[in-house]
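I have placed the structure first, in the form of structure tokens, so that the comments after it can refer back to it.
The values are calculated or read from the model by the stated rules, or taken from the named source; none is laboratory data. Just so we're clear, the structure is a prediction, and the values are computed from it rather than from any experiment. Here Cβ is always computed from backbone atoms with ideal geometry, including for glycine, and neighbour counts include all displayed protein chains. Just the protein is used for accessible areas: all its heavy atoms, side chains included, with ligands, DNA and RNA removed. Shrake-Rupley method; radii C 1.70, N 1.55, O 1.52, S 1.80 Å.
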Amino acid sequence: MSHAHIDYDVLVASCFLHDISYLKGMIKNHHLASARYALPILKRFGFSKGKIKLIQEAIVHHVAHMARAVQKNPKKIFIEAKILRDADNIDCLGSIGITRMILFSANQKIPYFKSKSDKLDDSFYGNIKFLLGWHKKMLTSEGKKIATERTKILRIFIKQIEKENFQGKNK
């Protein structure tokens, strides 16, 4: 990937501010709140209106569900937003991702597991299973490469959970 066309001011600012709304706790649609909270900070640091718009757009698009439409037409999203989204989602994968999901699940009082058919938000186990397909949703080639490697760790972890918790139970 050529780095000459990346606006590092936009990329770094959006990386720093994309989850700023979490300072007020868990917020539904945190990406929208973070884009709003970023505005006075960006103004205070003298960002131009054009760069503020790009930074806010990158923040809004960093969450996985916002990328569904983008994946159908990836040219709709600019490179800084793609990099932010991939980097944020890569943090949900691998050993770091497992650690984060343990903390998140405990904080949200989500049980460890209920059954082998658990899905997102049913259990920690279901949440980890949900992440197994994220490597396919990366928007950059480097993001896909890193995510694919980290997904291997999730697969090993899930197999081990299944082995330890479902041995002798309806497999």
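Rundown of residues vs (1) at pLDDT below 90; (2) small (Gly, Ala, Ser); (3) under 17 Å from the mean Cα position of the chain (by Cα), yes/no style:
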residue	(1), (2), (3)
ILE59	no, no, yes
ALA64	yes, yes, yes
ASN73	yes, no, no
ASP86	no, no, yes
ILE96	no, no, yes
PHE130	no, no, yes
HIS135	no, no, yes
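Name the single residue that is farthest from the chain's Cα centre (by Cα) among those in segment 38-51 being closer than 16 Å to ILE20 by Cα and buried (at least 19 other Cβ atoms within 10 Å of the Cβ). Among those that are closer than 16 Å to ILE20 by Cα and buried (at least 19 other Cβ atoms within 10 Å of the Cβ), it is LEU42.
Scanning segment 146-167 for residues that are more than 13 Å from LEU132 (Cβ to Cβ) and surrounded by fewer than 16 Cβ atoms within 10 Å (Cβ to Cβ) gives GLU149, GLN160, LYS163, GLU164, ASN165, PHE166, GLN167. Are any residues in segment 73-116 open to solvent by 60 Å² or more (accessible area, probe 1.4 Å) and of a type in the set (S, T, N, Q), and if so, which ones? Once the filter is applied, which keeps residues that are open to solvent by 60 Å² or more (accessible area, probe 1.4 Å) and of a type in the set (S, T, N, Q), segment 73-116 yields ASN73, SER95, THR99, ASN107, GLN108. If only residues of segment 2-37 that are surrounded by 11 or more Cβ atoms within 10 Å (Cβ to Cβ) and among the small types (Gly, Ala, Ser) are counted, the one that is nearest to ALA58 (Cα to Cα) is SER14.
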